[in-house]
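One structure below.
All of the numbers you see were taken from the coordinates with simple rules; none came from a lab. All of these numbers come straight from a predicted model, not from anything done at the bench. As a convention, Cβ positions derive from the backbone with ideal geometry for all residues, glycine included, and neighbour counts pool all protein chains shown.
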């Protein structure tokens, strides 16, 4: 539909419609309702000169078209200048729905930190620029399998699915990102995107499979429960190999990531010689590691939940009288890697707990000394009512475990 000035002297309006995608013989033939004649091919418009229209044509999806209007006045002068945007207008006829995809997170991933969600979007023909890409985020309730959707005000309320505009970069195709709201630990979330092009075609999001992920930013916890077959609550040890302990990862809420495997660092220990000021170097078999961060070593046996660390050289490197510190940390499978790595006392801090995942002791490898004072050496006695004498533990570096 077009409008011409009522003050002019045009008496008739003719139009020509060209299918640019077809090419030279792609103009509309009014009599056959087909785009198969040479261009231009003008035919009478419908309606009035001041407000003319034309209907009844059949356009092909994905094709480009140019419509040209030609006026004729009372003196039979025929318009020959067709200014673009005034008497000539090009457009794309596009009914194909654009598509979009969530790339991160992927299906069934577990995250401890997810500041943004990202993906791609594209028109099918890459002819029509995209107008926007939107995203919905739902929080699942496993108790009744219901979903509450993010409403844009940092809350998840109701069953109405809200779609929020993302930051889209591109034209007919491109990438998009969305800054996430605050997620609750132990909850599953579902996300799906919807693209809309400038022609008004909106992706059918109802058939798009939602991407589900778990959010868990609660750290794993654990403990050292024994050394050299004994409990871990003694102040003195002659031997400590092997170390044994446990680790735990939720669920404190609905669900948790679960402990990482032992081989991937799900359970790690480190040992510090306070007197030497050096950490245990597991690969070198000595207390010569200056870096606390580099001293962590994976448990060598068992599982992350019930672990053992053993090194045949460990006991022989203990220095009698020196103080030692044994520490443990666990981590779960959440991403980014190591984000949920301990230590942690309650899952939300980064603290060691003395007597739990942080054990101190003094090495005592020197035997005590005992003496016999009665009867005296080389004496001859007629009556011997008792045998006795003193005993003492050897003090090394100001420490002894005592008798």
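Can you name every residue in the range 102-158 that is assigned to a strand (DSSP E or B) and closer than 30 Å to residue 64 by Cα?
119, 120, 121, 122, 130, 131, 132, 133, 134
Please go through the range 243-273 and pick out each residue that is part of a loop (DSSP other than H, G, I, E, B) and surrounded by fewer than 21 Cβ atoms within 10 Å (Cβ to Cβ). Once the filter is applied, which keeps residues that are part of a loop (DSSP other than H, G, I, E, B) and surrounded by fewer than 21 Cβ atoms within 10 Å (Cβ to Cβ), the range 243-273 yields 250, 251, 252, 253, 254, 255, 258, 261, 265. Could we say that residue 183 is surrounded by 19 or more Cβ atoms within 10 Å (Cβ to Cβ) and not in a strand (DSSP E or B) here? Here the answer is yes, as residue 183 does meet what is asked.
Scanning the range 274-301 for residues that are within 35 Å of the chain's Cα centre (by Cα), crowded, with 17+ Cβ neighbours inside 10 Å and part of a strand (DSSP E or B) yields 279, 280, 281, 289, 297, 298.
Pairing residues of the range 37-57 that are in contact (Cβ under 8 Å) with a residue 12 or more places away in the chain and at positive phi with residues that are surrounded by 15 or more Cβ atoms within 10 Å (Cβ to Cβ) and in a loop (DSSP other than H, G, I, E, B), at Cβ distances under 9 Å and at least 6 apart in sequence or on separate chains, gives 47/54; 56/30.
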